[in-house]
Amino acid sequence: MQKKIVLSLALCFSLVSLMIGGCTYMQNKTAAAKTFPLKPITIIVPFSAGGGTDLIARALEKVAPKYLAQPLVVINKPGGTGTIGWNELASSNPDGYTLGITALDLIVQPLYGPTKYHYPTALEPLVQISNSTFIMVVDAKEPWQDVAAVINYSKEHPRELTFGHSGIGSTGHIVGEAFASTANISLRQVPFRGASEAATALLGKHIQIAFMAPASVKEHIKNGTLRALAVSSKQRLTDPALSHIPTFTEQGLDIALNNPNGVAAPKGLPPEVKAELGAAFKSIISDPEFKNMIEQLGGQIEYLDSKQSEAQWLDDSKKLTKIIEDTGILERIKEQKN
Amino acid sequence: METISLLLHGFSISILPTNLLACAIGVLIGTLVGVLPGIDTISAIALLLPFSYSMDSTAALIMFAGIYYGSKYGGSTTAILMNVPGEASAVITCLDGYPMTQKGRGGAALTVAAVGSFIAGTIGVVGLTLFAPPLAQLALAFGPPEYFSIALVGLILLTKLTGTSMLKSSLMATLGVMLGTIGLDSLSGISRFSFGIDELDRGFNLSILAMGLFGIAEIFTVMTQSTPQPKVPSLHFKDLYPTKEEFQRSSLPILRGGFIGFLIGLLPGSSATIAGFTSYALEKRCSKKPAEFGYGAIEGVAGPEAANNSVVSATMIPLLTLGLPFCGGTAILLSGFMIHGILPGPTLITQHPDLFWGLITSMYIGNLMLLVINLPLIGVFVQLLKTPLNILMPLVVLLTITGAYSINNSIMDLMWITFFGIIGFFMRRTGFNPLPLLIGLVIGPELERGLIQGLIISNGSIYSLITRPLSSAILFLGAAILLYNTVPWFDKFTKDKKKVHP
């Protein structure tokens, strides 16, 4: 009996102290923002675990404790091509404890129709981390050795070639349509649910062309099962396994579309928190371990600070608007939405 | 011969103490993930990724693979004992597993599930060891038109899985297909039937519906029953294990389930769930006593449980040889690979032979470990039934809801799970079985996608579905089975006619 009383008293005491502890903790947070961060920082990934964007967040998660003194915690909020996660980010508390990964879809989705997040006013970029590209790949057994060969073939056999991408209006689709309209050829587009399904169909020769992020096709290019014909970025990739792939511009086609990833926060961060985070992410990105991980995925580190990232967003938005209008993607989506 | 020396080399890696420990931790966590209703493999592995950062890459991957295949072992436990599926793929086990528990044969069902899982799991790993590269090429031969044909045949054949009337089953399956169309359709880029609610863009998750329609609905059903405690039959040691007859009856279903699961695992999508359904349908057809199905036929536990375990090894094939994940489970494994700086693909076997063979051999060891862990646990789990229901059931609800939240980190999902719990409760009262609904939900989107993609690929010609050899073979097979099924019906019909007009 005695024991029980002692035990329950001890339990009560510890609970009360926990409560008091919680109070002081709250005070700390408001009083001393200088000692940011005091608790783990959540980073929202608006795609499911296992995708390219998720992997960048995981790489950040792995390296961050060295520079932030607190862990980063990755939370996946997939759905709606990123919009669900970004909505949540835009409506979260701007205290620096909730951040989100950004991708090109952040810019693309609002072009198709209103999203709840209005990124120029609701989100604040902290850094741009990396800049990747889309690789145009064909099966290695196909005869085409360069982009010109594909264009010639397609001109002789209009609407025979198909290209795969991860869904209408997805970034891969945009690059594909941009290619077709710049080259003045007519390709049939086949939407898939995600890049890996498109890659599967390409390897099974059910489609002829695909526009993919490097991570999905790098090993197949190295192994010679797929042939890369062009990259969509302005410059060639630096990865030794992929640096042999010429850009579209080199082959006389005016296509330059990058695939950037970055970190953003809801608008209205306290300036010192923003500065702290900006500096921390800058050092994370220059960490050799982080750099190595991103390069493994076929990405390239390309640091931009907050101001530059914001300018990049607006620039990309302009460029993408033009492409989706010129290629008729916008019209097509609008038509279906009505 | 070469394979044997490679295997031995692999075992020399997987038997290293760190890797053995990683394997043990993996399968233990996997069992737990499987047993706890709601928590699914993908979110469990995603949650554990950060803990692997400091681990050696081989050990980390052995652990993640362990969680993946381990979770399929545990999924049957709550399905059999409480009619609450621990994993979406274990839904089918509820059909006969739970009636067995009510008859006092729950322990036997659990043992058969564990042994079946072990045998089929091993069949799967052997298949993976011997035939990975050619099977990967075979999987690639299936394009969108073939997926459409398989989905169509599957939907028709699987709908009549439960004992309820064909009309009710078809109704449920159609409802499932309809639910499957909700959400952002990646093929057209528009959201359908979402009424402007963002959260609906994600579509319905199979696990959420399975937990709701089966798990939560069962809890509601228990709540409304006037008898406070179903009598737990005596728990003698011999009751925990199957009789000789039960073992004999389950041996063939386990083997068949193992092979079927392995083949279905090569298809993209929710192959573990579909494999279970297919195996159940097959066993019902092969059985001499099909009337027992749904009322505690041990074959209905053995086959599907075997099938959903051999699926796992098959899904590893496209991942390890092509670097392409065909399902959510292997997608998160791919993440695990990449975080440790390894891009799986056609070069994995030559560039990282230690990792490749170490991982595969660890699956042999892991399957054995799972059997050793699970058999003694059966006694413990059966004892759980002695817990008063007013304590046990709220705990199950708590676990289910927690797990459901972890799938998408979404509150909306919790509302759906409750909503479908209520729907499931009324379905039961009115004699509907929600299983065909799940079949529709799984297969419907595949059907639609296969058709749309197939039509685009063939430039809009619907005949391509029949002219492509693989696709037409599948359709023909389906038609033959349908025809075969209508013969007895037709027979009966003419007999009835004769009776009326002698």
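The values are calculated or read from the model by the stated rules, or taken from the named source; none is laboratory data. What you see is a predicted model, and the numbers here were worked out from it, not measured in a lab. Here the Cβ positions follow ideal geometry from the backbone for every residue, glycine too, while neighbour counts run over all protein chains shown. Heads up: the accessible areas ignore ligands, DNA and RNA and are worked out on the full protein's heavy atoms, side chains in. Shrake-Rupley method; radii C 1.70, N 1.55, O 1.52, S 1.80 Å.
Could you list all residues from the stretch B:158-180 that are closer than 30 Å to residue A:329 by Cα and more than 14 Å from every other protein chain (Cβ to nearest Cβ)?
Selection gives B:177, B:178, B:179.
In the stretch B:181-206, what residues are charged (D, E, K, R) and facing chain A (nearest Cβ under 8 Å)?
Once the filter is applied, which keeps residues that are charged (D, E, K, R) and facing chain A (nearest Cβ under 8 Å), the stretch B:181-206 yields B:198, B:199, B:201, B:202.
Restricting attention to the stretch B:370-391, which residues are of a type in the set (S, T, N, Q) and over 18 Å from residue B:104 (Cα atoms)?
B:374, B:390
I'm trying to understand the selection: among the residues of the stretch B:180-198, which are surrounded by 20 or more Cβ atoms within 10 Å (Cβ to Cβ) and in a helix (DSSP H, G or I)?
Within the stretch B:180-198, B:180 is the sole residue that qualifies.
Sort out which residues of the stretch A:48-72 are at the interface with chain B (Cβ under 8 Å from one of its Cβ atoms) and over 25 Å from residue A:216 (Cα atoms), and write them in order of number.
Correct list: A:71 only.
Do you know which of the residues in the stretch B:378-390 that are open to solvent by 50 Å² or more (accessible area, probe 1.4 Å) and assigned to a helix (DSSP H, G or I) is nearest to residue B:218 (Cα to Cα)?
Among them, the one singled out is B:390.
In this structure, does residue B:54 turn out to be without any contact (Cβ under 8 Å) to a residue 40 or more places away in the chain and either on the phi < 0 side of the Ramachandran plot or part of a helix (DSSP H, G or I) (or both)?
yes
From the list B:339, B:349, B:332, pick out the single residue that is open to solvent by 40 Å² or more (accessible area, probe 1.4 Å) and within 14 Å of chain A (Cβ to nearest Cβ). Even if it seems obvious, please write down each step before you answer.
On the way: B:339 fails: open to solvent by 40 Å² or more (accessible area, probe 1.4 Å); B:332 fails: open to solvent by 40 Å² or more (accessible area, probe 1.4 Å).
Of the residues listed, the single one that is open to solvent by 40 Å² or more (accessible area, probe 1.4 Å) and within 14 Å of chain A (Cβ to nearest Cβ) is B:349.
Scan the stretch A:147-169 for residues that are within 14 Å of another protein chain (Cβ to nearest Cβ), open to solvent by less than 10 Å² (accessible area, probe 1.4 Å) and touching a residue at least 60 places away in the same chain (Cβ under 8 Å) and jot them down.
A:167, A:169
Scan the stretch A:193-220 for residues that are at the interface with chain B (Cβ under 7 Å from one of its Cβ atoms), open to solvent by less than 20 Å² (accessible area, probe 1.4 Å) and of a type in the set (A, V, I, L, M) and jot them down.
Scanning the stretch A:193-220 gives A:199, A:201, A:207.
Kindly establish whether residue A:277 is crowded, with 18+ Cβ neighbours inside 10 Å, part of a helix (DSSP H, G or I) and in the same structural domain as residue A:57 (by TED's automatic domain parsing).
yes
Taking the stated definitions as given, is residue B:299 under 19 Å from residue B:69 (Cβ atoms) and either more than 10 Å from every other protein chain (Cβ to nearest Cβ) or more than 19 Å from the chain's Cα centre (by Cα) (or both)?
For residue B:299, the condition - under 19 Å from residue B:69 (Cβ atoms) and either more than 10 Å from every other protein chain (Cβ to nearest Cβ) or more than 19 Å from the chain's Cα centre (by Cα) (or both) - is not met.
Count, please, the residues in the stretch A:285-314 that happen to be touching a residue at least 12 places away in the same chain (Cβ under 8 Å), more than 14 Å from chain B (Cβ to nearest Cβ) and of a type outside the set (S, T, N, Q).
9
If you go through the stretch B:77-102 one residue at a time, how many are surrounded by fewer than 24 Cβ atoms within 10 Å (Cβ to Cβ) and either within 14 Å of chain A (Cβ to nearest Cβ) or outside any helix (DSSP H, G or I) (or both)?
Count: 1.
Looking at (1) more than 11 Å from every other protein chain (Cβ to nearest Cβ); (2) buried (at least 24 other Cβ atoms within 10 Å of the Cβ), which is the one condition that is false for residue A:236?
(2)
Has the stretch B:416-438 got at least one residue that is open to solvent by less than 60 Å² (accessible area, probe 1.4 Å), within 14 Å of chain A (Cβ to nearest Cβ), assigned to a helix (DSSP H, G or I) and out of contact with any Cys (no Cβ under 7 Å at 6 or more places or on another chain)?
Within the stretch B:416-438, one or more residues are open to solvent by less than 60 Å² (accessible area, probe 1.4 Å), within 14 Å of chain A (Cβ to nearest Cβ), assigned to a helix (DSSP H, G or I) and out of contact with any Cys (no Cβ under 7 Å at 6 or more places or on another chain).
Looking for something more than 17 Å from residue B:22 (Cβ to Cβ) and not in a helix (DSSP H, G or I) - is there at least one such residue anywhere in the stretch B:348-367? Steps first, answer last, please.
Within the stretch B:348-367, the subset more than 17 Å from residue B:22 (Cβ to Cβ) is B:348-351, B:353.
Among the residues that remain, those that are also not in a helix (DSSP H, G or I) are: none.
Scanning the stretch B:348-367 turns up no residue that is more than 17 Å from residue B:22 (Cβ to Cβ) and not in a helix (DSSP H, G or I).
Which one of A:321, A:327, A:249 is among the β-branched types (Val, Ile, Thr) and within 14 Å of chain B (Cβ to nearest Cβ)? Write out each step before concluding.
Numbers: A:321 fails: within 14 Å of chain B (Cβ to nearest Cβ); A:249 fails: within 14 Å of chain B (Cβ to nearest Cβ).
Only one candidate passes the filter, namely A:327.
So which of B:66, B:74 is at pLDDT 90 or above, surrounded by 18 or more Cβ atoms within 10 Å (Cβ to Cβ) and assigned to a helix (DSSP H, G or I)?
On inspection, the qualifying residue turns out to be B:66.
Inspect all residues belonging to the stretch B:440-450 and state whether any of them is at negative phi, surrounded by fewer than 17 Cβ atoms within 10 Å (Cβ to Cβ) and more than 14 Å from chain A (Cβ to nearest Cβ).
Applying the first criterion (at negative phi) to the stretch B:440-450 yields B:440-450.
Now drop any that are not surrounded by fewer than 17 Cβ atoms within 10 Å (Cβ to Cβ), which leaves none.
Scanning the stretch B:440-450, I find no residue that is at negative phi, surrounded by fewer than 17 Cβ atoms within 10 Å (Cβ to Cβ) and more than 14 Å from chain A (Cβ to nearest Cβ), so the answer is no.
Could you go through the stretch B:373-393 and let me know if any residue there is within 14 Å of chain A (Cβ to nearest Cβ) and free of Cβ contacts under 8 Å to residues at least 40 places away in the same chain.
no
Go through (1) more than 9 Å from chain B (Cβ to nearest Cβ); (2) over 21 Å from the mean Cα position of the chain (by Cα); (3) open to solvent by 10 Å² or more (accessible area, probe 1.4 Å) and name the single condition residue A:223 misses.
(1)
Of the numbered conditions (1) modelled with pLDDT of 90 or more; (2) under 18 Å from residue B:322 (Cα atoms); (3) open to solvent by 10 Å² or more (accessible area, probe 1.4 Å), residue B:360 satisfies every one except a single condition; which is it?
That leaves (3) as the condition not met.
Among (1) at pLDDT below 90; (2) assigned to a helix (DSSP H, G or I), which single condition is residue B:177 missing?
Going through (1) at pLDDT below 90; (2) assigned to a helix (DSSP H, G or I) one by one, residue B:177 breaks only (1).
Out of the stretch A:224-239, which residues are among the charged types (D, E, K, R) and farther than 11 Å from residue A:298 by Cβ?
Listed by number, the residues that qualify are A:227, A:234, A:236.
Among the candidates B:54, B:12, B:43, B:5, which residue alone is of a type in the set (S, T, N, Q), open to solvent by 10 Å² or more (accessible area, probe 1.4 Å), farther than 20 Å from residue B:406 by Cα and within 14 Å of chain A (Cβ to nearest Cβ)?
Among B:54, B:12, B:43, B:5, only B:54 is of a type in the set (S, T, N, Q), open to solvent by 10 Å² or more (accessible area, probe 1.4 Å), farther than 20 Å from residue B:406 by Cα and within 14 Å of chain A (Cβ to nearest Cβ).
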